[in-house]
Amino acid sequence: MIAASGVVMLIVVAALLVTTGLPAWVVLIGVASASALAGLAVDAFTLPILTAIPARLVGLMENDLLQALPLYVLMGALLHHLPFAHQLFRVASYTLDRSGAGAVLAGLGLGALLAPMNGSVGASVAMLGRAVMPGLREADVPADKAAALISVASTLGVVVPPSLVLILLADAMMRAHTEAVNATGIAARIVNTQDVFVGALLPALVLLMLYAVVAWWCNRRKAGARIRPPRPPAREWIAAIATLLFIGALLAGVTLGYLYAVEAAATGGVVLTIAGLAMRSLTPEVLRATLRDTLALTGALFALLVGATTFTLVVRAFGTDRWLADVLAALPGGAPMTLAVALAGLAVCALVLDAFELIFVVVPILMPPVLTRIDDVTWVAVLALLILELGFLMPPFGYAVLMIRKQLREPVAPARLARALIPYLIVQAAVLTLVLVEPTLVWHRNPSRLELATPPAGGDEEARRMLERQLDRNSESNDDSDSPAR
């Protein structure tokens, strides 16, 4: 069936990513190009549909939200190469030592603070492995428990606002919601980034608190059975406290809507650079490494975005989005079954794809038909975040699990790592179930009277995007009308 070709394309992409080790953007563009040629050969669509790719890419790059992406990456690279993360970890470990699990709790807290700026789970694993793993070894934390902790902490950037993952997912959900509104013809306020930030606050807080309880319970030691960490010097206390207050203020300002993500990330990058120069830790070698990592990761993300945009256009050209909407609509059980199937699909994809790949490739295809049947978009977005984090932690193929195994100096048996992850997985599943059965845990931002009264709602930027989406849909419909019936 030609309409199902998009699903086959996605399966081929997943298989190639696992077996070849090629960059995701290379696989996406390669599979999209081969599938486009095959589609033209069998008259599944006509060439004018594919000529829309340049216009779509130009329109995509004009998105103001993407300005925050390289700035967030710069902040993460600066924290990775400058001593701030190490100082935070040492001070927190000393402060929390009386709990019996100071190093473990410090590592989890560092993940909650810094992982939102890394965005990518792989980047978070690398940074936390460099900053936290030596301290966990010094505290005699077993290798399997240390690996489990870093895996969990690296995924906190998926759910803790205002992470780069939440920013991009909110933008993808806004586009999906716009398509759903256009498809149903129902006048509704379109979800925006701030809605997802506010909605994720309480579930993220509950999850972080339960993670902390589990980490303490599984790693606590009596005073005579643990090594007392040395007291950090005064300058480290000052630097750690200043870093904590500064980054915490930036994240809180963006989450609560007082700062734009671009403004906060730019401010963070400038202040961290000045601090690094003042402390003489931002040497020319460190600066070169920081800029090299920033350019490499930013280039990879934009290349991934270009590849995903090309891939999804070919998928839509085959009519897979409409076919998928029909399949989900025909499922017995109504909206709950549709949501369950969508979340299960995301969980399976999370075993082989990173967060950005899922947001750029899977969400634009899967979420529009789901949102035609479910009104609470913020709730669906938070559930998607929780299911992604659960998929990343699922042994033996969870993305975070695979990444941490590559970072370990000495290999840890998969069974030992799985046992160490089980308590955290139980917590993750419990929070997911709680949010699923009690949607009121997802806070909803109260829209202004102007937003309520003006359709399409959400401001000029969202209105422009809705108009562009509608024009794009009309253009595709006109092109489809010239192609043979499928």
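The values are calculated or read from the model by the stated rules, or taken from the named source; none is laboratory data. A quick note: this is a predicted structure, and the numbers were derived from the prediction, not measured. As a convention, Cβ positions derive from the backbone with ideal geometry for all residues, glycine included, and neighbour counts pool all protein chains shown. Surface areas here come from the heavy atoms of the whole protein model, side chains and all, with no ligands, DNA or RNA. Shrake-Rupley method; radii C 1.70, N 1.55, O 1.52, S 1.80 Å.
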* To do: With respect to Gly269, determine if the residue is surrounded by fewer than 18 Cβ atoms within 10 Å (Cβ to Cβ), within 30 Å of the chain's Cα centre (by Cα) and farther than 25 Å from Tyr94 by Cβ.
  => no
Within region 10-56, residues under 25 Å from Phe397 (Cβ atoms), free of Cβ contacts under 8 Å to residues at least 12 places away in the same chain and among the β-branched types (Val, Ile, Thr) come out as Ile11, Thr19, Thr20
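Results for (1) farther than 16 Å from Val159 by Cα; (2) modelled with pLDDT under 75; (3) in contact with a helix residue (DSSP H, G or I) (Cβ under 7 Å, 6 or more places away or on another chain), shown as yes or no for each residue.
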residue: Val442; (1), (2), (3): no, no, yes
residue: Thr454; (1), (2), (3): yes, yes, no
residue: Gln470; (1), (2), (3): yes, yes, yes
residue: Arg473; (1), (2), (3): yes, yes, yes
Selection status of Ala153, of a type outside the set (Ser, Thr, Tyr), touching a residue at least 60 places away in the same chain (Cβ under 8 Å) and part of a helix (DSSP H, G or I) = no
Condition met for Glu357 (of a type in the set (Asp, Glu) and without any contact (Cβ under 8 Å) to a residue 60 or more places away in the chain):
no
> Can you find a residue in region 47-54 that is at pLDDT 80 or above, touching a Lys or Arg at 6+ places or on another chain (Cβ under 9 Å) and under 16 Å from Leu313 (Cβ atoms)?
Replying inline: yes
By residue number, the members of region 189-222 that are crowded, with 18+ Cβ neighbours inside 10 Å, part of a loop (DSSP other than H, G, I, E, B) and of a type outside the set (S, T, N, Q) are Arg189, Ile190, Val191
Taking region 48-65 and keeping residues of a type outside the set (D, E, K, R) and surrounded by 11 or more Cβ atoms within 10 Å (Cβ to Cβ) leaves Pro48, Ile49, Leu50, Ala52, Ile53, Ala55, Leu57, Gly59, Leu60, Met61, Asn63, Leu65
For helices (runs of 4 or more DSSP H) lying entirely in region 1-118, having 3 or more residues that are under 18 Å from the mean Cα position of the chain (by Cα) picks out 68-81, 102-118
The condition from (1) modelled with pLDDT of 90 or more; (2) of a type outside the set (S, T, N, Q); (3) crowded, with 18+ Cβ neighbours inside 10 Å that Arg316 misses is numbered (1)
Of the residues in region 379-426, those that are in contact (Cβ under 8 Å) with a residue 60 or more places away in the chain, outside any loop (DSSP other than H, G, I, E, B), open to solvent by less than 10 Å² (accessible area, probe 1.4 Å) and not hydrophobic (A, V, I, L, M, F, W, C) come to Glu389, Tyr424
